[in-house]
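Reviewing the structure listed below.
The values are calculated or read from the model by the stated rules, or taken from the named source; none is laboratory data. Quantities reported herein were computed from a predicted structural model and do not represent experimental measurements. Cβ placement follows ideal geometry from the backbone for every residue including glycine, while neighbour counts extend to all protein chains displayed. Surface areas here come from the heavy atoms of the whole protein model, side chains and all, with no ligands, DNA or RNA. Shrake-Rupley method; radii C 1.70, N 1.55, O 1.52, S 1.80 Å.
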Amino acid sequence: MSFSGPGTLYTDNPAWRDVAPVSQHDEGANPMAPIMYTLEYKDATDYFRGILKTGEKSARVLELTEHIIRLNPAHYSIWQYRYETLLATNADLKAELLLMDDIATAHLKTYQVWHHRRLLLQQLRTPVPELVFIASILDIDTKNYHTWAYRQWLLGHFNDDGMWAGELPYAEEILSNDVRNNSAWHHRFFVVWASGVRKGDENREETLRRELNFTKSKISLAPNNDSAWNYLRGILNHTQTSFASLRDFVVPYTLPHFPISASTTVLDLENPLPSSTAKLPCPAALEFLAEIHEDERHEEGIKNAVLLYKQLAEEQDKTRKLYWEHRAREALKLAPEVTSI
Amino acid sequence: MLRHTPDDGFPTPTSRVQRETEEIISDSSSVTFTLNRKGHLSFIARALLQGFPKHYAYQDASQAWFMFWSLQGFSLLGAGLDPDNKQRAIDTILAAQHPDGGFGGGPHQAPHLLPTYASVCALSIVGRPGPRGGWDQINRKGLYAFFMSLKQPDGSFRVAKDAEVDIRGTYCLLAVATLLNLLTPTLVRGVPGFVRSCQTYEGGFASASQPYYTADFELLSEPRPPLGEAHGGYTSCALGSWLLLQPFVHGTDEPQIDVKDALRWLTKMQCGPMDLGGFRGRTNKLVDGCYSWWVGGCFALLEGLGAGAGVATPPPHDEASESNASEIDWYDFDDEMFNKTGLQEYILLAAQSPAGGLRDKPPKVADAYHTLYNLAGLSVAQHRVYSSPLRKYVIEQCWISQPQDDLSLDSSETPSQRDTRRRRIFVAAQSWTEDESPGVSRVLGDASNRVNATHPLFNLMVTHSRGIMDYFYGQTPAS
């Protein structure tokens, strides 16, 4: 058994006697910022440098690299050598993937863990169980960047209708757990808009209507949610739909109070209102309305836009005061005849 | 009375953790605006000179980064190493250079674009020409070959052999190639398209994009969806890359990135008063001190692209107008698009660890990475560093012709084209300078809180970037 593991150093292991360990630093070196490694880590990496020198690719190298990866999952050189060794030894990549399930759960935020899976998937071509695995990780760490980006890569790379079909429901489920999960909004955009037309979504007008209704309903639940507003703006820009077409929806969100009037007894699904507990006016709505006014281009429109930007700068979103003042100046350039507000 | 970020009476996990963070920050924050220079210098020096405890084995592949984070941290605080330790630093950095070219995370590690950036920047700080000086020992030909070996058909670069593609690699490569005079047309072919493809619907940039090809392996211009949401770190790398590509892109019909959307996204990343004006890295995520640099540093980059001047395209880049000093009027925009006071407040009141060093947020412990990027963020919040048309003019006039291809890197250019290209790259990078006009630098709290200005393209002192570039571009140092 050549796997040393904790307690048995490679230097004491007869199965490794034929390898000359190589120290990280040359004799006489006085490196800055040295790391005080454990004996276990130093021993294992000395032996890795030893087999690196000889170029050995064997089963015991797989054991050694697994050992080091467990001690330091960010050691990219080890991962790369392990990958070459897997291919050179015709290793069972399915077993490797299972081993990776174990390591990934412990080291979610490491690039190399996710990239190694990607390399394996490119060889194995079994993406469907991988989607399940990814979902299990996202269950624990709902915004893990590497995981979401990997899921998107997997979908785009295999580009299989069956795989795509489950994504909209999946994103929707994540958003129903947390409407503020920006990763899930981004994923929705990726699936519906950014990576081509999905099967069944060929009627783009219908797709747009569905997405607008979805987004508006989410905004009405919690208006101070930049994820939803950014998505809304994103789809309007992507489809070159005017912001003005959503004026009726936006206006109630620009008012200081929840609208109380007779007309609110009629439920308008196209224009869901903010809830009674929403904090209004919501800055993203004020900005949206200002842009509608700017697009009108005439003097009155520009004046209204500038007033809204000033409201944001001075009252509703003071953190971004300088930016809103910049937006007001930009708006004024569109109508030079407006000299003062 | 400071108000919490509203949850609209509809709490979710995101809003709950945001609320908790705001409470912790307001409970743990210091009340005095004092930069603990001594504490931070000790924190950095301790690691450099005594080393790290055993759990830092997790960072074994980031040793090159520790050199850069520490040395640049010192530079920002106005400190430097004595000659013996400088030499020790040079020797440590060079030990991580791979025999075939490129630097790894440590000795005997595979070459990788990120530690290559860290190592070359660290050598810019402590290195010099001549024997054992570090600069002449960089294997530039091997480095260029390493870069080309990582180049992908869609304009991206893997960060190392068989490793991941992402825009951090692009930025690190372009920054190093710029500093060492290795930036050629062949190297950058397709790169602008890749950078552009990483911009998301939110306006910020993602880690990478998905290329689609025709049956004949031609890259499709769409779809080219970004992989991962808009993120502060990747946005910094994308905008840095875009600026570094300007000598190749500007004045051509290469499509632009959407500067207005990028600006909007960046400003939206600044947190509200209960997070003291720090930056978050993604929509609806938490404040983190390192974004003080990754996001805060982007505003100067956008100024370099004329973000606020209201004009979509910069002025024509022909010989005549390039040297026209009256173009200063065109830049009516400054980098004051974010609340600089708020950022300084966050860094001074929340990001400083009482034991020395700086951190993500209270109650996390300080580390070398957060120490540097908080200090760099403090720098951008205090100073304005911009690309000066006047300096451009002066450098242009002093340019010493460099048409020779002594490393035989790229035969696609004529000598005259090579010289023009190198001049453009040199002038563009060297034109950045600190605005020392009265009232521009603003230091919150005592004047002793002042840190040095840093170059927005590299995160190096302007003097350090000038020094190494003067050497590798065969120019005489500026007087």
**Prompt:** Which of the residues spanning segment A:240-255 are without any contact (Cβ under 8 Å) to a residue 24 or more places away in the chain and either facing chain B (nearest Cβ under 7 Å) or within 22 Å of A:VAL192 (Cα to Cα) (or both)?
**Reply:** A:GLN240, A:SER245
**Asked** Residues B:THR433, B:THR454, B:THR463: which one is of a type in the set (Ser, Thr, Tyr), closer than 23 Å to B:GLY127 by Cβ, open to solvent by 20 Å² or more (accessible area, probe 1.4 Å) and not in a helix (DSSP H, G or I)?
**Response** B:THR433
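In segment B:12-25, how many are in contact (Cβ under 8 Å) with a residue 40 or more places away in the chain and either in a loop (DSSP other than H, G, I, E, B) or buried (at least 17 other Cβ atoms within 10 Å of the Cβ) (or both)? So that I can check it myself, show each step before the final result.
So the first thing to find is which residues in segment B:12-25 are in contact (Cβ under 8 Å) with a residue 40 or more places away in the chain, and the list is B:14, B:17-18, B:21-22, B:24-25.
Restricting the remaining residues to those that are either in a loop (DSSP other than H, G, I, E, B) or buried (at least 17 other Cβ atoms within 10 Å of the Cβ) (or both) gives B:14, B:18, B:21-22, B:25.
The number of residues fulfilling the criteria is 5.
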**Asked** Is segment A:202-218 home to any residue that is part of a loop (DSSP other than H, G, I, E, B) and closer than 29 Å to A:THR110 by Cβ?
**Response** no
**Request:** Return yes when A:ASP160 is out of contact with any strand residue (DSSP E or B) (no Cβ under 7 Å at 6 or more places or on another chain), in contact (Cβ under 8 Å) with a residue 24 or more places away in the chain and away from chain B (no Cβ under 13 Å) and no when it is not.
**Result:** yes
**Residue match in segment A:187-199 (condition: more than 8 Å from chain B (Cβ to nearest Cβ) and either within 15 Å of A:TRP114 (Cα to Cα) or among the aromatic types (Phe, Trp, Tyr) (or both))** = no
**Request:** Starting from residues that are part of a helix (DSSP H, G or I) and within 8 Å of chain B (Cβ to nearest Cβ), keep the ones in segment A:14-49 and report whichever is most open to solvent (accessible area, probe 1.4 Å).
**Result:** A:ARG49
**Asked** Looking only at segment B:421-440, which residues are over 25 Å from B:CYS237 (Cα atoms) and touching a residue at least 40 places away in the same chain (Cβ under 8 Å)?
**Response** B:VAL440
**Message:** Given the criterion part of a helix (DSSP H, G or I) and within 14 Å of another protein chain (Cβ to nearest Cβ), identify the matching residue among B:GLY73, B:GLY9.
**Reply:** B:GLY73
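For segment A:115-148, which positions are facing another protein chain (nearest Cβ under 9 Å) and open to solvent by 10 Å² or more (accessible area, probe 1.4 Å)?
Step one: of segment A:115-148, the residues facing another protein chain (nearest Cβ under 9 Å) are A:115, A:118-119, A:142-143, A:145-146, A:148.
Residues satisfying the conditions are A:HIS115, A:ARG118, A:LEU119, A:THR142, A:LYS143, A:TYR145, A:HIS146.
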**Fill in**
Output for Cβ contacts, cut-off 6 Å, separation at least six or different chains, first residue at negative phi in segment B:459-479, second modelled with pLDDT under 95, reads B:ASP470/B:PRO477
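Yes/no matrix, rows are residues, columns are (1) within 27 Å of B:ALA428 (Cβ to Cβ); (2) away from chain A (no Cβ under 14 Å); (3) surrounded by 24 or more Cβ atoms within 10 Å (Cβ to Cβ); (4) in contact with a strand residue (DSSP E or B) (Cβ under 9 Å, 6 or more places away or on another chain):
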position	(1), (2), (3), (4)
B:GLY233	yes, no, no, no
B:GLY240	yes, yes, yes, no
B:VAL249	yes, yes, no, no
B:ASP253	yes, yes, no, no
B:ASP261	yes, no, no, yes
B:ARG264	yes, no, no, no
B:MET274	no, no, no, no
B:VAL287	no, no, yes, yes
B:GLU303	yes, no, no, yes
**Request:** Assess whether B:LEU114 counts as being open to solvent by 10 Å² or more (accessible area, probe 1.4 Å), part of a helix (DSSP H, G or I) and within 14 Å of chain A (Cβ to nearest Cβ).
**Result:** yes
**Message:** Going through A:ASN237, A:ASN224, A:ASN304 one at a time, which residue ends up being part of a loop (DSSP other than H, G, I, E, B) and either more than 13 Å from every other protein chain (Cβ to nearest Cβ) or on the phi < 0 side of the Ramachandran plot (or both)?
**Reply:** A:ASN224
**Complete:** Among helices (runs of 4 or more DSSP H) entirely inside segment B:135-213, those with 3 or more residues being farther than 30 Å from B:GLN475 by Cβ and either open to solvent by less than 20 Å² (accessible area, probe 1.4 Å) or at pLDDT below 95 (or both) are B:191-197
**Request:** Scan (1) more than 8 Å from chain B (Cβ to nearest Cβ); (2) open to solvent by 50 Å² or more (accessible area, probe 1.4 Å); (3) touching a residue at least 24 places away in the same chain (Cβ under 8 Å) for the single condition A:LEU52 breaks and write down its number.
**Result:** (1)
**Leading residue by the ranking (nearest to the other protein chains (Cβ to nearest Cβ)) among those in segment B:86-103 that are crowded, with 24+ Cβ neighbours inside 10 Å and in a loop (DSSP other than H, G, I, E, B)** = B:ALA96
